[in-house]
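Here, each number is a calculation from the coordinates, and none is a lab measurement. This is a predicted model, so every value here is computed, not measured. Because the Cβ atoms are built from the backbone with ideal geometry, glycine has one as well, and the counts that use them run over all protein chains shown.
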Amino acid sequence: MIIKWDNKVGPVIVGKYPEKISFDIDLAVKVYTTQFAGSSSPFSVIEIGDWRIASYYLPREKYIFALVLEDEESGERYENKLFAVAEKFSKVLQEKGIVEDLPKLYSELASAGYTFKRSELYERVETQKLLEKFLDNSLTELEPTFHWEEGFRYINAEKFTGLDPIDTKVLLETLSRYRILNRRACDSALTCPNCGSYKIRIRYRCPYCSSFSVQKSNFIECFLCGTVDVEELFSGIYYGEPDKYYCPKCEKELKGLSLDYRKILSQNRCENCKRIFPEVNVSVQCTKCNYSVKLANAKIVEAPLYTLNPDCVEEIEKQLSHIRVKRIISSLFKEKGWKVETPGIVAGSDNVNYEFDIVASRPEIMDKEWSKNVLPGGRITIDIVMDREEVKKEKVMNFVGKNAGIKPIQYILVVIPKLSDEAKQLLIKQEIMYCENEGKLSEAPPLIESLASIDFQELLA
Ligand SMILES: [Zn+2]
Ligand SMILES: [Zn+2]
Ligand SMILES: [Zn+2]
């Protein structure tokens with residue numbers, strides 16, 4: 001939900017997704033007032049009736065970006081992404097008044113809290129592009145660089161993945177949550193807790209009256225009249241005697257240290273309340289929204305250094321080769337005019353839905369009687385299985401049931417690099433077609449190549 005404050009009518013729902021969600025204007029008003037009356041933190045998880053809502057408030061633009069949570073769901077993991085989305089889209093909103101691609105925005109947001117299966121994480125092209133660079137050693141670490149506008153960026157990672165700075169950071173964090181990347185503290189920066197800007201000033205404040213008019217100086221106290229003031233004002237330069245001290249109040253010459261005056265070194269004085277004190281309060285002030293807080297309450301953004309987790313290299317290599325082989329095979333089928341789904345689902349004769357790495361089909365011949373003998377069900381299903389040295393029987397067992405379930409549809413197991421003898425015996429006995437793919441991960445196995453190349457027009461003729 002995107003809610004905006006309108007000066008005439010109050011909160012307005014600018015957009016919501018899905019359309020049919022029963023989040024209405026009354027609820028929007030409640031979210032807005034709760035958020036507005038709440039703590040100074042722009043992010044909060046609030047409960048209104050049965051609703052649990054994570055929301056991010058941009059006070060300057062008066063927008064709220066809200067996400068409806070599941071009953072038990074903790075909202076915290078959405079904080080960074082919600083903030084990122086709010087930052088990104090508030091600009092679009094101000095220019096156009098609407099967010100055109102709300103479904104995409106929603107899926108971006110949802111993916112921040114969504115737990116990937118490890119394999120799904122590898123399926124993302126950006127993940128592959130980045131990890132390939134680590135594997136071929138053109139990348140050893142990802143170091144953050146600081147930019148005044150966007151904060152920390154990982155330029156190399158952006159370059160390799162093609163993602164924008166924010167999505168790149170989300171991807172790196174996700175990979176480190178799955179321990180595919182290691183993260184180590186490296187740098188940090190303060191940001192405005194209100195609007196997230198990095199352009200903040202450090203300012204001294206009087207600890208008594210909070211005024212900014214604080215001056216650091218040496219002071220002199222005149223024992224003759226009790227005046228305390230900055231050293232410069234006591235200078236005898238006014239009297240043409242720069243080496244002497246004269247009290248600016250009683251105008252007498254001060255002749256001796258500890259006799260008629262004393263020095264108070266390195267203190268601070270507040271111009272507003274005139275107090276003198278050794279320690280100042282330090283506050284940060286945002287130059288973008290003017291928000292000011294104590295230093296301790298400024299938001300710290302950490303920018304870790306990412307490296308590849310060496311324990312995952314084997315897993316990554318395996319996952320990437322799996323994906324590479326899948327890509328090679330599916331593009332081969334596509335080239336030859338097949339419709340390809342990766343993964344694809346086929347309903348078995350036992351009414352179970354079976355999922356395959358690749359399902360290649362020829363919809364145009366599915367209803368032809370003769371196709372039953374050539375290409376039953378009009379399609380071919382393929383799974384890819386791999387192991388370091390050889391694929392063992394135990395691993396192959398999983399595929400036997402699938403083959404039986406979808407019969408007579410053609411099922412092929414692509415094995416990388418090869419099968420153990422036992423596994424081979426099992427597949428032969430079960431009449432499961434297989435092909436081994438030793439070494440050559442750059443081309444499709446000959447069996448697949450010839451199946452993909454079947455000329456259906458000729459057969460039809
Ligand atoms: Zn700010
Ligand atoms: Zn003061
Ligand atoms: Zn004096």
Residue-wise HN-Hα coupling along region 349-356, computed from phi with Karplus coefficients 6.51, -1.76, 1.60 (Hz; x: Gly, Pro): 5, 8, 6, 9, 8, 9, 9, 10
For Tyr261, distant residues with modelled amide H under 5 Å away: Phe223, Gly256
29 Å tail of the calculated P(r), the chain, as % of Cα pairs: 67 percent
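Given 0.36 nm per residue, what is the gain on full extension from Ile264 to Phe212 after removing their alpha carbon distance, in nm? Let's see the in-between values first.
Numbers: separation 52, 0.36 × 52 = 18.72 nm, distance 2.14 nm.
Separation in residues times 0.36 nm, less the Cα-Cα distance, equals 16.6 nm.
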Label-point separation, Val29 to Asp71 (7 Å along Cα→Cβ), nm: 2.9 nm
Isotropically averaged projected area of region 207-279, using the convex hull of Cα atoms (one quarter of hull area), nm²: 4.9 nm²
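How large is the dipole of the chain about the Cα centre if only Lys and Arg carry +1 and Asp and Glu carry -1, each at its Cβ, rounded to the nearest 20 debye? Write out the running numbers ahead of the final one.
Values: 64 positive and 70 negative charges, 256 e Å.
It works out to roughly 1220 debye.
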5 angstrom amide H check on Asn182, placed H, neighbours 5+ away: Thr307, Leu308, Asn309
For region 381-395, 3J(HN,Hα) per residue [Karplus equation, 6.51 cos²θ - 1.76 cosθ + 1.60, θ = phi - 60°, Hz, x = Gly/Pro]: 10, 9, 10, 10, 10, 9, 8, 5, 9, 8, 8, 8, 4, 4, 6
Phi-based couplings in Hz for region 270-275 (Karplus 6.51, -1.76, 1.60; Gly and Pro marked x): 8, 5, 7, 9, 6, 6
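By how many nm would the segment from Val352 to Met397 lengthen if fully extended, with 0.36 nm per residue of separation less the alpha-carbon distance? Can you show the working numbers first?
Values: separation 45, 0.36 × 45 = 16.20 nm, distance 1.77 nm.
Difference between extended and current length: 14.4 nm.
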Sites Leu447 and Ile98 - FRET efficiency at Förster radius 60 Å, r taken between beta-carbons, to 0.05: 0.70
Two-site label geometry, Arg324 and Cys273: point separation in nm, points 7 Å out along Cα→Cβ: 6.9 nm
Dipole of region 207-279, positive direction: furthest Cα of Gly226, Leu259, Cys273, with charges on the beta-carbon: Cys273
Distant-in-sequence amide H partners of Ile384 (H built 1.01 Å from N, under 5 Å): Asp357, Val414
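Listing Thr127, Thr307 from the residue with the fewest other Cβ atoms within 10 Å to the one with the most, what is the order? Don't jump to the answer; show the numbers that get you there.
Working: Thr127 23, Thr307 17.
Going from least to most buried by this count: Thr307, Thr127.
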Full-extension gain in nm, Asp243 to Ser188, via 0.36 nm per residue minus C-alpha separation: 15.0 nm
Antiparallel DSSP beta bridges within the chain, percent to nearest 5: 85 percent
